[in-house]
Amino acid sequence: LRPARLAALCAEGRDTPPPVAELEARVGAYLRAVDAASGGGGVDVCRMPEAAFGPEVTPLAANAPVSSDGEAYGWHIDADPALLPPSPWTDCFGRYPNRSPGKPRFVTALVYLSPEWRWPEWGAQTRCLDPPTGEVLAVPPAPGRLLLMDQDISHAVTAPAAAAGDTPRYSLVLKLCLHSHR
């Protein structure tokens, strides 16, 4: 995405395109329903605030890897509240392990946008790593599939296989913050 378009997508309020606003609303409703079903005291869901990282890190990202990208996408985490730089966020909440009781939780929502994806021929799964065991969970892309994970989970995008040709595997990443009412 061009920087101006990404800035428009990340803008709160009226500048948010309706499909992005609807996706955020649906993900928020789902997370609140999961919280209620598990006996939680309620949860507010919002975009990752600028106060956490500053304006350089956007709460939205778009990916479109193609076969020729090869191994360009390495293992990474999206964020870890224990590793935040000094900021208004750390002034308020401090640095803490994600999932700490009483602290905001950092969650990534990745939605696969390609209208067609031929799995397994075209590949391009998202790989998630379990550090204690070294086990890798591969999540295959499918049109409209949503992958929710804590932002401190090590993961990697896999480029499409040669069989996909020049077809990109589109995805949109929402970086969210969950504030528990407990």
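Sorted largest first by accessible area at a 1.4 angstrom probe radius, with every protein chain in place, the residues SER180, SER171, SER68 fall in the order SER68, SER180, SER171.
Evaluating 6.51 cos²θ - 1.76 cosθ + 1.60 at θ = phi - 60° for every residue in region 78-95, the Karplus couplings come out as 7, 5, 9, x, 7, 10, 5, x, x, 6, x, 4, 5, 4, 7, 10, x, 9 Hz, glycine and proline recorded as x.
Expressed as a whole percent, the accessible surface of region 38-104 that belongs to carbon and sulfur atoms is 56, based on a 1.4 Å probe. Considering only THR167, HIS179, ALA124, the residue lying farthest towards the positive end of the dipole of the chain is HIS179, judged by Cα position with unit charges set on Cβ.
Estimate the FRET efficiency between VAL57 and ARG118 by the formula 1/(1 + (r/R0)^6), using the beta-carbon distance for r and 30 Å for R0, to the nearest 0.05. For VAL57 and ARG118, the calculated efficiency is 0.35. Relative contact order for region 28-182: 37 percent, from Cα pairs under 8 Å spaced at least 6 residues apart, divided by residue count.
Heavy-atom accessible surface of ILE77, to the nearest 10 Å², is about 60 Å², with a 1.4 Å probe and all protein chains retained.
Between the helical axis of 18-37 and the longest alpha-carbon principal axis of the chain there is an angle of about 60 degrees. Just to verify a number: what accessible area does PHE93 come out at with the full protein assembly present, 1.4 Å probe, Å² rounded to tens? About 60 Å², rounded to the nearest 10.
The values are calculated or read from the model by the stated rules, or taken from the named source; none is laboratory data. Note that this is a predicted model, so its numbers are computed, not measured. Cβ atoms come from the backbone with ideal geometry, glycine included; neighbour counts cover every protein chain shown. Just the protein is used for accessible areas: all its heavy atoms, side chains included, with ligands, DNA and RNA removed. Shrake-Rupley method; radii C 1.70, N 1.55, O 1.52, S 1.80 Å.
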